[in-house]
Structures are given as C-alpha cells and as structure tokens.
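One structure is given below, encoded as structure tokens.
Taken together, the values in this text are just the output of simple stated rules run on the coordinates, not laboratory data. A quick note: this is a predicted structure, and the numbers were derived from the prediction, not measured. Cβ atoms come from the backbone with ideal geometry, glycine included; neighbour counts cover every protein chain shown.
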Amino acid sequence: MDTNVFRYVLEVDKCKNITLAAKHLFISQPALTKQLSKLEKELGFQLFDRAHTPITTTPQGELFLDFARRYQELEQDFQNDIALSRHTPAVPVRIATTHRGGGYAGIYTAAFMAAYPNICLEYLDTSARKCEELLEEEQVDLAIYTDPILSSKLEYMPLEEDPLVFVIPQSSPLLAGLDLSGNSLEHPVEIESRRFRDPSLRYILATPGQGLYYAENAFFKKYRVTPLDPLRVEYVDTRYSVVQSGCGIALFPHTTVIQHSHGNSQPPLYGIPKGDALYRYIIIARKKGRTLSPDAEAVWRFMVNQRLEANHHLESTP
C-alpha cells in the first residue's frame, strides 16, 4: 500500500470535497479519485459516500481514518527520532556572569538567538573575581560583569554605564536636616561627603569578590570613609531587604532599586555625594591571546555592537 494514501484520505475527510482536497495536495482531481478507488478496492469497502454533498465518511471509513491518523503520528515520531540521531550537539559558548552582568546579558539573549539560532549559550552565575579566574583558566570563553578589571591577563570592552545610588532608610542620621522634597531615583538628595564618615552609620556591604564590593571600596577610598562594624551580605536582594528594614545604608545599581521599588509601605530614600555621580561599567571580557571559537567571537561582536548601536542612537536623538 502506498503510504501517501493516508494523507489523501485525511485531506478528503477534512475538505469534504475531492476537488478541493486535490488542490491542497497539489495533484489533479482525476489522479486523486483514481487513488481513492484503488485503495477502496484493496480494502474491500467504500471510505466515502460520494452520493451526498458534502461527501460523508462511511463507518468503515471512520475506522480507516483513525488508523491513518495514528500512522501519521508514528511517521512524524520516526522522522523526529531520525533527525535527532543525526544531530551533532553544538558546543556551547560558556559565559561567566555576575548578578548584574547576567541581567544585562539576559536582555539581549533573545535578539542574539534570533540572529544566531544555531549557537548554543551557557551562562554561569558567579562573582566578579571568579569571572576573572574562570577566564584565566580558560574554563569559560567570555565573562560579562562590572569593572574594575583586576587581572592583567584579560582584555575587555565596556558595554553600558551602570549608575549607582545609596539607598537610605528614612530614619538614617545621614539625612538629618536635609531637604528631602522631591526625592527620587532620578533626583537623589546630594549629601556632603563628611556625613558619610559619621561613625554612627552602619553600612550594609557586599562580600569580597562581588562587583559592588569593588565599587564600595572605591567610594570609601575616594571619600576617606572607614566603615565601623559593617554588615556584609552576599546576595544583593537580601542586602536590599536589610536596608529596607532600617538596618543601615547600602550602595546599589539603579536596576536593583527599580526591581524593588513597588509595594513598599515606607520606601527608602536615595542619595549621592554632593557634586558626584556614582557609576561603574558593565563590561565583556576575554583572555588576552586566546583564540576563541567562531561562535564565541560572534557573541563578543554582538554584545559590543549593542553598545555601539546604543551610542549611535543617543547621538542621533535630538
């Protein structure tokens, strides 16, 4: 039996019209009628009652249709299994990311996969310091995290400026006597740098190796701040919750603040040192002198191009 007849019979049943079914099957109406008649002769019964318009399926024809549907499902399963058996799994591009770097990479992943559907990505979430170690040891191809770059064995490109702000409980002595009207993430209160040296302040800090750990240390060095008895919290969301509880102040990227800005009964306030804009850069890094696979090179170029396109958009915006 020619297995194409299964498709023919199912299409006739769907269209209830042999001429229309032949058109959908890209064969002539006489050829389709001939195939149906041949099949009915082999089976010993009629599949369709052609005396009515639209044509109807006979009881024996219903049994055959059920068999035809199951055959098509089995054929599709077989074709899928054959395709899988011939498929060579792609070697993934391994990318180490920090919490912030992973958030940036995630935004562009769908666009990258649409442009390069055959490239497989694998993200590994870790600390900034671990990102550099994995690159040096060639356990990953690329890393997306925040500056500073501590290793001399790496090369990098900045991807996006990442603004920072201090999140401050409303009861903090840091805000005493300041005009807080209109305070928002876009308009943080400017605070004299000497206030950050108040020994009564409790700083909620990142743990060593985290991206914000280096940003905090840069701030402390610049403004000669020595935190007394800081509370160190590794996970950034937990750190934000600690600040919201009123325990102390902490430095966060704007993206973290936005994620936590809804549903607060007593929202915190935002501040920066007077006359200063706090920020760092999200970067993509690779090991110097290492020849990357074409797939990893494609990821590098794509991410860098997002930065160039963003800059071009800003420059062309009136």
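Taking only the alpha-carbon positions of segment 106-145 and ignoring solvent, what does the Debye formula give for the base-10 log of I(q)/I(0) at q = 0.24 Å⁻¹? With no solvent term, the Cα-only Debye profile gives -0.83.
Helix 99-115 and the longest principal axis of the C-alpha atoms of the chain enclose an angle of approximately 30°. Taking 25 Å as the straight-line reach from the Cα of Lys34, the lysines in range (excluding those fewer than 8 positions away in the same chain) are Lys14, Lys16, Lys23. I need the Debye-formula profile for segment 1-139: one equal scatterer per C-alpha, no solvent, reported as log10 I(q)/I(0) at q = 0.11, 0.16, 0.20, 0.21 1/Å, two decimals. The Debye formula, applied to the Cα set alone, gives -0.62, -0.86, -1.14, -1.20. Cβ crowding within 10 Å ranks Thr98, Thr19, Thr57, Thr256 as Thr19, Thr57, Thr256, Thr98, fewest other Cβ atoms first.
Excluding same-chain neighbours fewer than eight residues apart, the lysines reachable from Lys288 by a Cα-Cα span under 30 Å are Lys130, Lys153, Lys221. Counting only alpha carbon atoms, the long axis of helix 29-43 and the longest principal axis of the chain meet at about 70°.
Considering only Cα atoms, the convex hull volume of segment 128-281 works out to 125 Å³ per residue. Helical runs (DSSP H, four residues minimum) scored at -39500 (n - 2.57) apiece and divided by the length of the chain put the mean residue ellipticity at 222 nm at -14000 deg cm²/dmol.
Rounded to the nearest 20 debye, the dipole magnitude of segment 1-115 is 460 debye, with +1 charges on Lys and Arg beta carbons, -1 on Asp and Glu beta carbons, and the Cα centre as origin. Distance between the 7 Å Cα→Cβ label points at Phe67 and Asn118: 4.2 nm. Projecting label points 7 angstrom from Cα along Cα→Cβ for Ser151 and Thr53 puts them 7.8 nm apart.
Angle of helix 4-15 to the longest C-alpha principal axis of the chain, folded into 0 to 90 degrees and rounded to 10: 80°.
Which is the longest stretch in the chain that no exposed loop site breaks, taking sites as trypsin sites (Lys or Arg not before Pro) with a DSSP loop state and at most 15 other Cβ atoms within 10 Å? Longest stretch, sites excluded: 51-152. Note on the chain: with a GNM built from Cα contacts shorter than 10 Å, the maximum mean-square fluctuation among Leu135, Leu251, Leu150 falls on Leu150.
If you wrap the tightest convex hull around every Cα atom of segment 19-97 and split its volume per residue, you get 194 Å³. Amide H contacts of Asp162: Arg280, Tyr281, Ile282, each under 5 Å away and 5 or more positions distant or on a separate chain (H built 1.01 Å from N in the peptide plane; Pro and chain starts excluded). Across segment 191-198, computed HN-Hα scalar couplings (Karplus, 6.51 cos²θ - 1.76 cosθ + 1.60, θ = phi - 60°) run 10, 4, 4, 4, 5, 5, 9, 4 Hz from first to last residue, x flagging Gly and Pro. Matching the structure-derived Cα extents along the principal axes in Å against the labelled list (i) 98, 51, 43; (ii) 55, 46, 37; (iii) 140, 66, 43 gives the label (i).
Backbone geometry of segment 220-226 corresponds, through the Karplus equation with coefficients 6.51, -1.76 and 1.60 at θ = phi - 60°, to 3J(HN,Hα) couplings of 4, 5, 5, 10, 6, 9, 10 Hz, x marking Gly and Pro.
3J(HN,Hα) along segment 19-25, derived from phi through the Karplus expression 6.51 cos²θ - 1.76 cosθ + 1.60 where θ = phi - 60°, amounts to 5, 5, 4, 4, 4, 5, 8 Hz, with x in place of Gly and Pro.
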